[in-house]
1. So if I check each of ALA17, ALA91, which one is within 26 Å of GLN2 (Cβ to Cβ) and surrounded by fewer than 12 Cβ atoms within 10 Å (Cβ to Cβ)?
2. When the range 47-65 is examined, which residues are found to be in contact (Cβ under 8 Å) with a residue 40 or more places away in the chain and either within 20 Å of PRO18 (Cα to Cα) or surrounded by fewer than 17 Cβ atoms within 10 Å (Cβ to Cβ) (or both)?
3. Which ranges mark the helices (runs of 4 or more DSSP H) fully within the range 23-126 that have 1 or more residues being of a type in the set (Phe, Trp, Tyr)?
4. Kindly list, by first and then second residue, each pair from a residue in the range 16-33 that is free of Cβ contacts under 8 Å to residues at least 24 places away in the same chain and farther than 14 Å from ARG75 by Cβ to a residue that is of a type in the set (Gly, Ala, Ser) and in a helix (DSSP H, G or I), limited to pairs with Cβ atoms under 6 Å and residues at least 6 apart or on different chains.
5. Within the range 24-46, track down each residue that is surrounded by fewer than 18 Cβ atoms within 10 Å (Cβ to Cβ) and touching a helix residue (DSSP H, G or I) at 6+ places or on another chain (Cβ under 6 Å).
6. Take the conditions of a type in the set (Val, Ile, Thr), in contact (Cβ under 8 Å) with a residue 60 or more places away in the chain and either in contact with a Cys (Cβ under 6 Å, 6 or more places away or on another chain) or buried (at least 17 other Cβ atoms within 10 Å of the Cβ) (or both) and apply them to VAL69. Does it pass?
7. Inside the range 53-88, can you point out the residues that are at pLDDT below 95 and of a type outside the set (Val, Ile, Thr)?
8. Count, please, the residues in the range 82-114 that happen to be free of Cβ contacts under 8 Å to residues at least 12 places away in the same chain and small (Gly, Ala, Ser).
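The values are calculated or read from the model by the stated rules, or taken from the named source; none is laboratory data. Keep in mind that this is a model prediction, so the values were computed, not measured. Note that we place each Cβ from the backbone using ideal geometry, even for glycine, and neighbour counts take in every protein chain shown.
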Amino acid sequence: MQFDHFVDLVAKRANVAPSRAQALTYATLRTLAERISGGEARDLAAQLPAELKPMLSELVEETAEDFDVDEFVRRVAERASVDGEVAREAARAVMLTLREAVAPGEWDEVTAQLSADYNELVRPAT
């Protein structure tokens with residue numbers, strides 16, 4: 001998936017402007033990189049457009065931090081300078097787009113590192 005297409009999908013799904021979607025995408029990926037292992041973050045980055053790779057592969061720790069979905073959303077909101085509801089919707093949009101952008105096995109490896117409370121962000125709406 002190309003970078004522009006990724007950001008456009010996030011913008012549409014989160015109902016934000018593309019420029020805001022880009023910042024929210026970066027914030028979400030940087031936070032995800034903190035929550036999953038460094039190796040998994042690099043594996044995920046390998047399947048994404050070049051513009052997104054640094055968010056997952058630079059400055060990552062090998063050991064994942066253990067924090068819940070509310071802390072995840074709080075960090076996204078802080079990084080992107082938005083309120084919690086915008087951050088939650090954007091994180092959901094980014095995760096859905098990630099799911100479509102990477103191989104199913106890679107997505108399964110990422111979500112296996114997340115606790116059940118992340119289901120609201122990583123499972124498609126029914």
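1. ALA17
2. If the condition is that a residue be in contact (Cβ under 8 Å) with a residue 40 or more places away in the chain and either within 20 Å of PRO18 (Cα to Cα) or surrounded by fewer than 17 Cβ atoms within 10 Å (Cβ to Cβ) (or both), then GLN47, LEU48, PRO49, ALA50, GLU51, LEU52 are the ones that fit.
3. In the range 23-126, 69-80, 104-112 are the helices (runs of 4 or more DSSP H) which contain 1 or more residues that are of a type in the set (Phe, Trp, Tyr).
4. Filtered contacts from the range 16-33: PRO18/ALA11.
5. Correct list: ARG42 only.
6. So VAL69 fails the test.
7. If the condition is that a residue be at pLDDT below 95 and of a type outside the set (Val, Ile, Thr), then LYS53, PRO54, MET55, LEU56, SER57, GLU58, LEU59, GLU61, GLU62, ALA64, GLU65, ASP66 are the ones that fit.
8. 3
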